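> Below is a structure I'd like to ask you about.
The values are calculated or read from the model by the stated rules, or taken from the named source; none is laboratory data. None of the values given here were measured: they were computed from a predicted structure. All Cβ positions, glycine included, derive from the backbone under ideal geometry; neighbour counts span all protein chains shown. In case anyone asks, the SASA skips ligands and DNA or RNA and just uses the protein heavy atoms, side chains included. Shrake-Rupley method; radii C 1.70, N 1.55, O 1.52, S 1.80 Å.
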Amino acid sequence: MTTANARADRFTQWARGRWREWAITLAAFVLALLVGAILMCAADPDVAGQFAYLFTAPALPLGAAWAKVSTAYSALLAGAVGSPTALAATSAAAAPLICAGLAVGLAFRAGLFNIGAQGQAIVGSIAAAWVGFALPLPPVIHLVVAVLAGLLAGGVWGGVVGWLKARTGAHEVIVTIMMNYIAGGVLAWVLTTDAFQRPGRDDPISPEVPASAAFPRLYEQLHLGFFVAILAAVAVAWLLDRSVLGFSIRAVGANPHAAGTAGMNVSATTIITMATAGALAGLAGVMAALGPSVNGVPVPLTEGLVGTVGFDAITVALLGRSRPLGIVLAGLLFGGLNSGGLAMQSVAQTPLTLTLVLQALVVLFVAAPQLVATLVPFLNARKAKVSLTGADA
Amino acid sequence: MSATTQHEPHLPSLNDEPEQLDFTVTESRDARRARLSSGVLILVVGVLLAVLFFTTTGISRFALSDAFAEVQLPTIELPGRLTVALCAVLCLLAGAGFLSGRLRGRAPMIAGLVAGLAVTLGFLAWAAAGKDLPFPVANQLAGTVFTATPLILGALCGVVGERAGVVNVAIEGQFLTAAFAAALTGSITKSIWAALFAAVLAGVLMAAVLALFAIKYLVDQVVLGVVINLLASGLTGFLFDQLVQPNSRALNSGPVMQAIPIPLLADIPLLGPVLFQQTILVYLAIASIVVVWWLLYRTRWGLRLRAVGEHPKAADTVGISVKAVRWQAVLVGGIFSGLGGAFFTVGSIGSFSKDLTVGNGFIALAAVIMGRWHPVLAATMALFFGFVVQMASQLQTLNTPVPSQFLLMLPYIATIIAVAGLIGRTRGPAADGVPYTK
């Protein structure tokens, strides 16, 4: 009986902790939207000008503000989840975010801060795109080889960082930042070589990737890559919670000295973690290179192909608290913000950059539960302990 | 490279005579590893120089003063092949010295310096050999100081904060907001001083966000820095799109700082144009190095600041308010990063564009760590980075056989080499990044 009671107690505690986590995340999101709304009104001269009448005719400024905010946010919502087409667009935007988020999150769990997902994604996209347009292979094999090439390139790019960290003690934050720039330079260079530049073009653009190497479309923008991303999340979950390697990753993340004393190979774990993280970020690059765009064919390799996926991935991993399921949800949320932000920009003329502010604010509020507790007292969030990096979990 | 760490530790046995005691035994594992990787690295570079020797033809010329200078200094002519060969030999010798482990006292430092100079000179001699134009040394040095200005200021911001125990990854975000504020204020008021003031204010405000969340709400500081960078990018981007872009003639045409030659000193050949014919921001940056050094090591506040960063509990016990000192340190750091941010707009081009700081804040952070959290060393590392960036752009004009994209990668590769090979495991302030709670 006692054990059953204890177990029930522990479950209640766990459930309460989880509920609190969810409540904080929700409150953080609402607060971020509020700050975003204030920013939107303050930065619009037409709306801000109306606030001179706040005390004489309050209906004027409040009405203008409400019109402004509701148009923008309803366009955001509609663009993210308003229709099957919007949902498909969200899934396409979320797929690379999930992969790169896993890359950052996995490294967090080993106590490593992988700012290099950007560079790893870039080299992944270079390799996948090259296999795509240069090798004449039969349909299914072509896609598989292209994906593997991207994984390998990203893995090598990340593995070098792990190797330098393990061998020379070079700080991974600095090395990954520098590797990002080098990856960008490599991309700029290959696009000027004969092997990559589209024949007959002077600007840096590669030939198109044929359909045999592209992720097949399932519904509108929803493509196979999204399910590959979910599969990657499941694989990372299994790796972290069910494998020996995952145990040593978490042990090294919690305390490398203790892990070393207990007989784990800290250097090898560092290298393998960074290589795996690199491969996951490479997969994000693969999504960018092989995922069909709005017009149905993959976008050819250019300098800005992967966008800022590697940096967005850091916020995805943080919001997802470095847990695979959390990262999938956070990736979907930010994917929705991205695709909805585009709709907001075209429908409500509110710049897409607002979604960056929203992303940053959400993570900032989630990271500071005490602040949320002060602003939203009934949440009782003061007791919540938040570990965004999940390193001590 | 992998062979370097395979050396068995030499354990003293009973048979060893006392006078044969091998001093390498007293070398720690980390120190030996750092020494061996430095040695191998220098050897590899030496071998590369030796390979370059075979592609060097003609005479390398270095112009000491630029074509418009009043006092013309001679152009130095060096035989290309001989110079490269000599530099390669020096490099190989220095590398062998490191590997032998017989360098004592100041010798490793001297060997490292010799290797560094030899690499630079050898590479430049190879690049300039047989070219019509001489390599412009004066431009190179003046450009180094100019390019390094924001990096120096950013690194000083990082040093002050981190010595007090607050990791500052948000230098980039502080730069960006300060650059935006400077461009906007400068465009409206047409005053450089107002723009500088606005930049400092913006830097301090972003620093206050960092301090609030790091010190009061105990948020993980590296995470916080990344989020603040995103916030800065989003905020400036949004305000730029919404307000500035549609009205860029009125709101985005700030004044640009002009070089102010210091009387007499600016006329010194070679040194004058490099140090005394720069913008006010460059002078401020150079002065800031001295100020931060003096603050940290010669004032009571600096002693307290360092104590709080090393052992906050001990500092608290003797009555120092840990949180107050950390707040002050982060805010003071914000002044420097604000000045550094002003460089990107009013300090160089006058106008703002989205994300125009392109990672300079991160490079300043790298300079902090490479400079071992010491203001003068960190500023030196910032200058090193500025030197490599400037060299890459100078070499582009010389038509070297290396693609320009590789030259642009040079600073980043050099940083990785410096971090991995020459500096190795660094130890920051003991309580860096650890929030303090009573």
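> Mind telling me which of A:A27, A:A317, A:A59 comes out most flexible in a GNM of chain A, alpha-carbon contacts under 10 Å?
Residue with maximal mean-square fluctuation among A:A27, A:A317, A:A59: A:A59.
> Kindly write out, for region B:210-227 in residue order, the coupling ³J(HN,Hα) from the Karplus curve 6.51 cos²θ - 1.76 cosθ + 1.60 (θ = phi - 60°), rounded to whole Hz, with x marking Gly and Pro.
Per-residue couplings from phi come out as 4, 5, 4, 6, 7, 8, 7, 9, 6, 6, 3, 6, 5, 4, 4, x, 4, 5 Hz.
> Can you list residues from other chains, or at least 5 along the same chain, whose modelled amide H is less than 5 Å from the amide H of B:Q278?
Here B:I260, B:I262 satisfy the definition.
> Taking loop as defined by DSSP and a crowding limit of 12 other beta carbons within 10 Å, which chymotrypsin sites (Phe, Trp or Tyr not before Pro) in region B:334-438 fit?
Passing sites in region B:334-438 do not exist.
> Roughly how large is the B-A contact in terms of buried accessible area, totalled over both chains, probe 1.4 Å, nearest 100 Å²?
Approximately 4100 Å², summed over both chains.
> Per residue, how much accessible area does chain B have with a 1.4 Å probe, in Å²?
For chain B, the solvent-accessible area averages 45 Å² per residue.
> A follow-up question, please. Please sort by residue number the trypsin sites (Lys or Arg not before Pro) in region A:159-228 whose DSSP state is loop and whose Cβ has at most 16 other Cβ atoms within 10 Å.
In loop regions of region A:159-228 (DSSP not H, G, I, E or B), the sparsely surrounded trypsin sites (Lys or Arg not before Pro) are A:R201.
> Name the residues of region B:219-235, by number, that are at least 30 Å² less accessible with every protein chain in place than in the isolated chain; the surface is that of heavy atoms, probe 1.4 Å, without ligands or nucleic acids.
By number: B:V219, B:V222, B:V223, B:V226, B:V227, B:L230, B:L231, B:G234, B:L235.
> Show me the helices of chain A, taken as full DSSP H stretches, that run 20 Å or more along their long axis by Cα and average 1.6 or above in Kyte-Doolittle hydropathy.
TM-like helix candidates: A:172-190, A:224-242, A:266-290, A:353-367.
> Could I have the simple spin-label model distance between B:R372 and B:V402, label points 7 Å from Cα toward Cβ, reported in nm to one decimal?
2.8
> For region A:14-94, state which chymotrypsin sites (Phe, Trp or Tyr not before Pro) are in a DSSP loop and have at most 13 other beta carbons lying within 10 Å of their beta carbon.
Passing sites in region A:14-94 are A:F55.
> Related question: Please identify, among B:V159, B:V308, B:V226, the residue showing maximal mean-square fluctuation in a Gaussian network model of chain B using a 10 angstrom Cα cutoff.
B:V226
> Can you tell me, using C-alpha contacts under 8 Å and at least 6 residues apart, the relative contact order of chain B as a whole percent?
23
> In whole percent, and with a 1.4 Å probe on the protein chains, what portion of the accessible area of region B:28-133 is carbon and sulfur?
Percent of accessible area from carbon and sulfur atoms in region B:28-133: 71.
> Take A:A134 and B:T55, extend 7 Å from each Cα along the Cα→Cβ direction, and tell me the distance between the two endpoints in nm.
Modelled inter-label distance: 2.0 nm.
> Could I ask something else about it? So if I take the alpha carbon set of region A:265-387, get Rg, then get Rh from the Kirkwood formula, what is the Rg over Rh ratio?
1.05
> Round to a whole number: what % of the accessible area of chain A belongs to carbon and sulfur, probe 1.4 Å?
Exposed carbon and sulfur together represent 69 percent of the surface.
> Sticking with this one: Which whole-Hz couplings ³J(HN,Hα) result when phi for each residue of region B:347-364 is put into the Karplus expression 6.51 cos²θ - 1.76 cosθ + 1.60, θ = phi - 60°, listed in order with x for Gly and Pro?
Once rounded to whole Hz, the list reads x, 9, 10, x, 10, 9, 9, 4, 6, 7, 7, 5, x, 4, x, 5, 5, 4.
> Once Rh for region B:62-133 is found with the Kirkwood sum over Cα pairs, what is the Stokes-Einstein diffusion coefficient at 20 °C and 1.002 mPa s, in µm²/s?
Value of D from the Cα-based Kirkwood radius: 154 µm²/s.
> Related question: Using Cα pairs under 8 angstrom and six or more residues apart, how large is the relative contact order of chain A, in percent?
Averaging sequence separation for qualifying contacts and normalising by length gives 30 percent for chain A.
> Alpha carbon centre of region B:229-256 versus region A:199-236: separation in Å?
35
> Compute the distance in nm between two label points, each set 7 Å from the Cα along the Cα-to-Cβ direction, one at B:D355 and one at B:L303.
Label at B:D355, label at B:L303, 4.7 nm between them.
> Additional query: Which residue fluctuates the most in chain A, going by a Gaussian network model with Cα springs under 10 Å, if the choices are A:V47, A:V244, A:V175?
Of A:V47, A:V244, A:V175, the most mobile in the Gaussian network model is A:V244.
> Now, a different point. Rounded to two decimals, what ratio of Rg to Rh does the protein assembly as shown give with C-alpha atoms and a Kirkwood Rh?
On the Cα set of the protein assembly as shown, Rg over Rh gives 0.97.
> Something else: Hey, what number do you get for chain A at 222 nm if only DSSP H runs of n ≥ 4 count, each worth -39500 (n - 2.57), divided across all residues, to the nearest 500?
About -24500 deg cm²/dmol.
> Please express the Cα-Cα pair-distance distribution P(r) of region A:1-105 as a list of whole percents, one per 10 Å bin, running from 0 to the bin with the greatest distance.
12, 21, 27, 19, 13, 5, 2
> Out of B:G112, B:L124, B:T57, whose Cα points farthest toward the positive end of the dipole of region B:28-133 (charges: +1 Lys, Arg; -1 Asp, Glu; placed on Cβ)?
Of B:G112, B:L124, B:T57, it is B:G112.
> Under 5 Å between amide H atoms, partner at least 5 residues away or on a different chain: which partners does B:F135 have, H built in plane at 1.01 Å?
Long-range HN contacts for B:F135: B:R61, B:F62, B:A63.
> Give the Rg (one decimal place) followed by the Dmax (whole number) of region A:138-212, computed from C-alpha coordinates and expressed in Å.
Cα radius of gyration and Dmax of region A:138-212 are 16.1, 47 Å respectively.
> Under 28 Å between C-alpha atoms is the cut-off here; go through the protein assembly as shown and count lysine pairs that meet it, provided they're at least eight residues apart or on different chains.
Counting lysine pairs in the protein assembly as shown gives 16.
> Using the Kirkwood radius over C-alpha pairs as Rh, can you work out the diffusion coefficient of region A:19-383 via Stokes-Einstein at 25 °C, viscosity 0.890 mPa s, in µm² per second?
Using the Kirkwood radius from Cα pairs, D works out to 113 µm²/s.
> With all protein chains present, calculate the accessible area of B:E77 using a 1.4 Å probe and round the result to the nearest 10 Å².
About 110 Å², rounded to the nearest 10.
> What number in nm² do you get for region B:141-423 if you take the convex hull of its Cα atoms and divide its surface by four?
Hull-based average projected area comes out at 16.5 nm².
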